Amino acid sequence: MLNTIKQVFHSPKFVVGFAIFVAILLTMIIYPLFCPGNPLEQIGVGTFAAPGTYVSLYDATKSPTETLRLPDAADNRIEASLSKEDRVEMVEWFGAMGISVEGLDIEDTDAMVDLWNANYDPSVRPAGMTSAKINYYKRLDNSIKELNASDTVIIADYDEEGNLVTTKTIADTDYVNTKEIANVKTLPLGTDNFGRDVLKELVSATGTSIKIGLIAGIVATVIGLTLGLLAGYLGGITDDIIMFVTNIFTVIPSFVLLILITYSLGQEQRGAAVVAIVIGFTSWTWTARSVRSQVISLRNRDHVNLSKLSGHSLVRIVLLDILPYIASYVVMAFILQVSSGILAEAQLSLLGLGPKTTQVPTLGLMMNWAMLYSAHTNGSWWAYFPVILVITLISFSLNLMNTGLDQVFNPTLRD
């Protein structure tokens, strides 16, 4: 046994796949220790907040400031505020006014702003330009002027006589240390369509999907192994009956059968465990057929015939004289079943037939939410791309482990 384990861990493919899978498992265990809480808690009111660190403006205005004179601070501020659409509209205004923009690079913020300040006149109305567009340019001009202001009044309050007076101003050289701000939240992957922390949700969903895969893999492997052992060893009418049932399940596409069963259960009954059991119940056929073929080649071996002559029971012969010889194949089949179970759950959830959405997140449910709220069309990549990456890594690691085991235990693949 020890020698077999050594051989397995001498396979580069198995080691790489095992390392990736263990890294995923460790992340699932360690991350919740540093960031506890309900993964489905809604911390944002809006949808799809971009990844980054968020600070409370309310607390920031009350925090002590330091004066810093950073080079290019004003230019950076204006460049970040002018969107690509604003720059295109500015060029359109230049064209409407007959101002030459030859050689002008819209990415050159200084040149764009200088040309705008030198030529823009709010009282001029270009021919054919709508009132809405005229008002847009006025707002844009005001925004550029505000960015160049030296300080801005941000807090005002009523004095004892009821007059509104300024209580604090902030200059463009005032900076606040984030450690001084009471409420700071870092969202490495932003929020989803419900305003939930995507990273916390992703870690929890990964754990749930792996559990679904493990349960589905166990169910499918146990059913397939049991039927395959009985059919292969007993043969005759037992083999015919088992293979007849297996062929029926084989003829009916397993995913179609999976959809029909999960749909008939109803949303309220579809917990993660129930979905996993259903997936396992519909994906055991190829394991049963493969195990049967392996057992047929073993049932007439000398050690098996000796056990029969010794009067050993069917259970003893199957468990002690046949199963150990196909144990490596069973382990590989189980790994593939786990991978298939995770992918099947993702497919079901994309169709809206996954586990109950109010209980626990899964990788498939996260993809479903992102698709329903058009994250792929509005540029909110953080809502779906990390999910795709995690599913890919899990499947890749499991299949790499399976390939490594196959190279160790399959004589035809050994170097």
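The values are calculated or read from the model by the stated rules, or taken from the named source; none is laboratory data. Everything quoted here is computed from the prediction, not taken from an experiment. Note that each Cβ is placed from the backbone with ideal geometry, even for glycine, and that neighbours are counted across all protein chains shown.
Taking helices (runs of 4 or more DSSP H) as the structural unit, those lying wholly within region 1-96 and holding at least 1 residues that are among the hydroxyl-bearing types (Ser, Thr, Tyr) correspond to 2-8, 12-34, 57-62, 73-81.
Any idea which residue in region 28-86 is nearest to residue 192 (Cα to Cα), counting only those that are among the aromatic types (Phe, Trp, Tyr) and surrounded by fewer than 14 Cβ atoms within 10 Å (Cβ to Cβ)? Ranking the qualifying residues of region 28-86, first place goes to 34. Summed over region 1-54, the residues that are closer than 17 Å to residue 209 by Cα and over 20 Å from the mean Cα position of the chain (by Cα) give a count of 0. Considering only residues in region 377-395 that are out of contact with any helix residue (DSSP H, G or I) (no Cβ under 7 Å at 6 or more places or on another chain) and in a loop (DSSP other than H, G, I, E, B), the one that is nearest to residue 192 (Cα to Cα) turns out to be 380.
In region 366-376, what count of residues is obtained for those that are part of a loop (DSSP other than H, G, I, E, B) and under 15 Å from residue 198 (Cβ atoms)? Total satisfying the criteria: 3. When region 338-363 is filtered for residues that are part of a helix (DSSP H, G or I), closer than 20 Å to residue 218 by Cα and either touching a Lys or Arg at 6+ places or on another chain (Cβ under 7 Å) or among the small types (Gly, Ala, Ser) (or both), the ones remaining, listed by number, are 339, 340, 341, 344, 346. Test each condition in (1) surrounded by fewer than 14 Cβ atoms within 10 Å (Cβ to Cβ); (2) not in a helix (DSSP H, G or I) for residue 303 and report the one that comes out false. Of (1) surrounded by fewer than 14 Cβ atoms within 10 Å (Cβ to Cβ); (2) not in a helix (DSSP H, G or I), only one is false for residue 303: (2). Among residues of region 268-284 being in contact with a helix residue (DSSP H, G or I) (Cβ under 9 Å, 6 or more places away or on another chain) and more than 11 Å from residue 344 (Cβ to Cβ), the one that is surrounded by the fewest Cβ atoms within 10 Å (Cβ to Cβ) is 273. Scanning region 217-261 for residues that are under 20 Å from residue 353 (Cα atoms) and out of contact with any helix residue (DSSP H, G or I) (no Cβ under 6 Å at 6 or more places or on another chain) returns 252, 253, 254, 255, 256, 257, 258, 259, 260. Take the conditions among the hydrophobic types (A, V, I, L, M, F, W, C), in contact (Cβ under 8 Å) with a residue 40 or more places away in the chain and not in a helix (DSSP H, G or I) and apply them to residue 212. Does it pass? For residue 212, the condition - among the hydrophobic types (A, V, I, L, M, F, W, C), in contact (Cβ under 8 Å) with a residue 40 or more places away in the chain and not in a helix (DSSP H, G or I) - is not met.
Taking region 370-385 on its own, how many of its residues are touching a residue at least 40 places away in the same chain (Cβ under 8 Å) and surrounded by fewer than 21 Cβ atoms within 10 Å (Cβ to Cβ)?
3
Check whether at least one residue in region 81-97 is modelled with pLDDT under 80 and within 31 Å of the chain's Cα centre (by Cα), and report yes or no. Scanning region 81-97, I find at least one residue that is modelled with pLDDT under 80 and within 31 Å of the chain's Cα centre (by Cα), so the answer is yes.
Any residue at all in region 223-241 that's among the β-branched types (Val, Ile, Thr), crowded, with 20+ Cβ neighbours inside 10 Å and part of a helix (DSSP H, G or I)? So that I can check it myself, show each step before the final result.
Kept after step one, since they are among the β-branched types (Val, Ile, Thr), are these residues of region 223-241: 223, 226, 237-238, 241.
Subsequent filtering for residues that are crowded, with 20+ Cβ neighbours inside 10 Å retains none.
No, there is no match, as no residue in region 223-241 is among the β-branched types (Val, Ile, Thr), crowded, with 20+ Cβ neighbours inside 10 Å and part of a helix (DSSP H, G or I).
Return yes or no: is residue 322 free of Cβ contacts under 8 Å to residues at least 60 places away in the same chain, part of a helix (DSSP H, G or I), surrounded by 13 or more Cβ atoms within 10 Å (Cβ to Cβ) and over 24 Å from the mean Cα position of the chain (by Cα)? Here the answer is no, as residue 322 does not meet what is asked.
Which of the residues spanning region 104-129 are assigned to a loop (DSSP other than H, G, I, E, B) and within 44 Å of the chain's Cα centre (by Cα)?
Initial filter on region 104-129 (assigned to a loop (DSSP other than H, G, I, E, B)): 104-108, 120-129.
Correct list: 104, 105, 106, 107, 108.
All conditions but one from (1) modelled with pLDDT of 90 or more; (2) of a type in the set (S, T, N, Q); (3) not assigned by TED's automatic domain parsing to the domain that holds residue 291 apply to residue 226; the one that does not is (3).
Listed conditions (1) among the hydrophobic types (A, V, I, L, M, F, W, C); (2) farther than 30 Å from residue 390 by Cα; (3) touching a residue at least 40 places away in the same chain (Cβ under 8 Å) are all met by residue 241, apart from (3). Would you check if residue 18 is surrounded by 15 or more Cβ atoms within 10 Å (Cβ to Cβ), within 28 Å of residue 332 (Cα to Cα) and assigned by TED's automatic domain parsing to the domain that holds residue 397? Criteria met by residue 18.
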